[in-house]
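The structure appears below as structure tokens.
Coordinate-derived values only; no laboratory data. It should be emphasised that the depicted structure is a prediction, and the values quoted were computed from it without experimental measurement. Here Cβ is always computed from backbone atoms with ideal geometry, including for glycine, and neighbour counts include all displayed protein chains.
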Ligand SMILES: Nc1ncnc2c1ncn2[C@@H]1O[C@H](COP(=O)(O)OP(=O)(O)OP(=O)(O)O)[C@@H](O)[C@H]1O
Ligand SMILES: [Mg+2]
């Protein structure tokens with residue numbers, strides 16, 4: 001059990017709250033950076049995919065987990081980022097141009113959705129974002145000159161300082177760096193007035209207004225930041241895939257992202273990473289497991305969504321706070337070992353809340 | 001002109017006049033109580049002041065500002081803070097985060113500075129924290145500082161909502177039934193705090209309240225609302241013994 005003695009308020013503003021945090025996160029980052037020394041190409045590729053998922057999930061978490069706006073269309077931002085990146089690289093620009101353009105165009109897409117979407121919530125918002133992603137997918141299918149239409153489009157490798165990134169471990173490190181920067185940006189927002197306003201809008205739009213928060217502005221901001229991060233993830237997804245077709249960016253991808261952050265733990269940055277690892281491991285596991293099973297079972301169409309669905313339902317039924325919630329419980333069990341009480345995480349009775357303001 | 005002036009305010013919901021031609025004025029530095037039976041339209045007056053509802057007719061004036069020209073999000077910036085009858089806290093955030101949202105109107109940092117968490121943001125955050133800690137000390141909430149709202153008892157939540165409103169450093173504080181759900185000791189404590197808020201923090205207070213001893217203890221003037229209309233206005237002894245008010249409460253009890 002750790003007792004923290006705080007001597008000034010500044011300590012609460014630090015990202016790492018104590019030496020233990022610094023040590024473990026430092027170690028984690030060290031391990032992540034040295035992974036290419038240990039793992040072979042195949043697993044580095046798998047790890048890259050997990051990092052890209054994490055980046056996309058981070059984007060979705062900003063708008064859904066922290067601001068409470070469910071988006072069923074985040075695949076659209078991945079698509080915008082992916083195609084923009086690929087197009088600029090194809091024109092001979094370096095990644096220094098292509099990546100920011102991917103983020104910027106995706107951001108503009110986010111703004112386009114957000115301005116009408118900020119007036120909606122719940123199911124209407126979900127449908128509006130879904131519609132947006134269908135439009136984007138459709139566009140990608142028809143803009144032959146830019147996206148190659150349904151025939152698809154080859155993606156050039158990333159280019160930095162005139163150096164082309166061919167190796168999978170190089171791409172892995174590139175994604176890792178950008179992911180760390182994006183995560184730090186999100187953590188900064190969360191410890192600032194904007195992040196608190198996002199959480200306020202999520203938990204009670206009415207009282208956030210009474211405190212001077214403009215929910216529209218906050219939602220538009222959240223959508224824009226979210227789209228930028230997801231767009232960057234899309235750009236890297238393009239490199240990972242090396243070949244883009246519009247079908248990649250269908251509704252299933254959006255649902256998978258949503259599933260990921262719910263499984264990981266909605267409303268936490270940790271949840272993004274837990275979710276990404278889980279989905280990554282599950283995908284790899286399912287594809288390995290499928291080969292191991294007799295074809296009559298493993299070859300069944302729809303077996304993957306089935307397994308995903310079962311896992312999602314069980315998590316929501318048994319651990320609504322996601323993997324991260326479960327981890328917090330295990331950690332406090334260890335910290336308080338002999339005196340841990342199960343009741344400490346029992347959900348308390350919630351007080352009456354009505355839609356009306358009286 | 002008074003500090004807060006409400007003139008001929010009316011609103012109806014589906015043909016039912018919830019507030020019907022209500023006028024009253026609140027002087028700066030006073031404590032003003034609104035009483036009335038359930039469903040009289042008291043909370044609706046607050047929701048009109050917060051600009052959550054559009055009135056059918058009437059004028060709302062606060063310190064020389066026409067509230068009807070503003071939206072719900074602009075009211076706090078004028079220096080009007082409020083609590084809600086059914087509590088509207090940010091359930092999945094800590095007490096500290098809830099109170100810091102109360103500092104939102106005092107934020108001057110641009111979004112990109114917040115994204116980079118620059119030195120000026122750090123300075124501003126420390127200043128907000130100091131202000132919030134003053135309120136935490138004032139309402140004796142130190143014990144709960146880092147706890148998540150959703151696990152806290154009702155009486156504490158009530159105090160946190162009051163604390164969050166105080167963090168705005170408002171000039172006018174609207175309290176919707178501050179004592180409901182509190183036990184007698186907590187209610188007495190609430191009475192002391194309301195007096196302190198007026199005396200030490202120089203805030204004007206308007207409160208909706210059912211507990212008549214609390215009303216008698218803290219308020220300078222009392223307004224009784226019955227069926228959306230003003231039944232009586234004056235000091236609490238006058239209002240409480242007014243025949244229309246008495247019959248409304250007796251009628252309510254039958
Ligand atoms: N948003 C709304 N839609 C429809 N009717 C409403 C709405 N808000 C209030 N009312 C109605 O207006 C009337 C006054 O409600 P209000 O909440 O102001 O009562 P109150 O005086 O605060 O009562 P209480 O003491 O129970 O809190 C009630 O009949 C209520 O049903
Ligand atoms: Mg009421």
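Just a few scattered comments:
- Between 0 and 90°, nearest 10: helix A:95-117 axis offset from chain A longest Cα axis: 60
- Our summary gives chain B a relative contact order of 27 percent, counting only alpha carbon pairs under 8 angstrom and 6 or more residues apart.
- In chain A, helical runs assigned H by DSSP with n ≥ 4 each contribute -39500 (n - 2.57); averaged across all residues and rounded to the nearest 500, the mean residue ellipticity at 222 nm is -23000 deg cm²/dmol.
- Hull shadow area, averaged, the range A:101-249 [alpha-carbon convex hull, nm²]: 10.3
- With a 10 Å cut-off around each Cβ of B:100-112, the average count of Cβ atoms from other chains is 5.
- Bridge type composition, the protein assembly as shown - antiparallel percent by DSSP, nearest 5: 60
- Take the convex hull of the alpha carbons in chain A; its mean projected area over all directions comes to 21.8 nm².
- Annotation for the range A:270-324 versus the range A:32-47: alpha-carbon center distance of 22 Å.
- Order of B:84, A:318 under a 10 Å beta carbon neighbour criterion, fewest first: A:318, B:84
- For chain B, radius of gyration divided by Kirkwood radius, i.e. Rg to Rh on alpha-carbons: 0.99
- Among A:324, A:83, A:240, the ranking by other beta carbons within 10 Å of each residue's beta carbon, starting with the fewest, stands as A:240, A:324, A:83.
- Alpha-carbon centroid distance for the pair the range A:105-161 / the range B:33-109, whole angstrom: 39
- The mean sequence distance of close C-alpha pairs (under 8 Å, at least 6 residues apart), as a share of the length of the range B:90-168, puts its relative contact order at 56 percent.
- Simple label model, 7 Å out from Cα along Cβ direction - residue A:24 to residue A:242, nm: 3.8
- Rounded to the nearest 500, the helix-only mean residue ellipticity at 222 nm of chain B stands at -11500 deg cm²/dmol, with each DSSP H run of n ≥ 4 adding -39,500 (n - 2.57).
- Per-residue mean of C-beta atoms belonging to partner chains within 10 Å, peptide A:77-90: 0
- Each of B:91, B:169, B:127 was scored by other Cβ atoms within 10 Å of its Cβ. Listed from fewest to most, they are B:127, B:169, B:91.
- Rounded to 5, the percent of DSSP beta bridges in the range B:61-210 classed as antiparallel: 25
- Principal axis extents of the C-alpha atoms in the range B:90-168 (largest first, rounded to whole Å): 38, 24, 19.
- Whole-number D in µm²/s for the protein assembly as shown (Stokes-Einstein; Kirkwood sum over Cα pairs; 4 °C, 1.567 mPa s): 48
- Whole-Å distance, taken between Cα centres, linking the range B:169-195 and the range B:231-245: 22
- Take the Cα of residue A:216, step 7 Å toward its Cβ, do the same at residue A:138, and the gap between the two points is 2.8 nm.
- Label point distance in nm, residue B:116-residue B:25, each placed 7 Å from Cα along Cα→Cβ: 5.2
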